[in-house]
Amino acid sequence: MNGAVRPGPAGRASSRPRLLSRLAIAAAATTLTGLVAVAVQMHRLDADRPPVDAPALPRADALQRPAPPSAGPRPGHPVMAGPGWRVVSVNSISGVLMVTVETERFDEMTAIARELLRPSTAELLEALVYFHRPGASSAVGRVQWTPDAGYVPLRFGE
């Protein structure tokens, strides 16, 4: 039976070669249709993109450097240093202020926190002032300020 068509069920000739060619054509058409659809969508993404303006950068002459502690007290600005203490970092997000202070004056944590936060409390939800020994990485104490509770000192175990 070389090259002869095998009889299928009920004596009909098998249509397997025609079926395979139809499946191959259908697969190719589906793939081509998918590629065209992807190309059209990608073109739409490029064509529909709205123009974006770059943010305006501040001009160098408009920037003001913060005044050094030697400039003395400035009304409406927080104090960054005092006798025996200095602020080493300040972070703020969503109305919460975190300040790190280096000092040896841990008995005066609340007074230092009051001096630091006085000009800012009207704009804050909470403030946390952490007190470290000079050069130390871990805090010795903290003063938390909230509008409801005021200043609440906490001394950590040393």
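Packing, as the average of other Cβ atoms within 10 Å across residues, places the peptides 105-112, 33-40 in the order 105-112, 33-40, highest first. Scoring 129-140, 144-155 by mean Cβ neighbours within 10 Å over their residues and listing the highest first yields 129-140, 144-155.
Taken together, the values in this text are just the output of simple stated rules run on the coordinates, not laboratory data. Fair warning: this is a prediction, and the values are worked out from it, not measured in the lab. Positions of Cβ are generated from backbone atoms using ideal geometry, with glycine treated the same way; all protein chains shown enter the neighbour counts.
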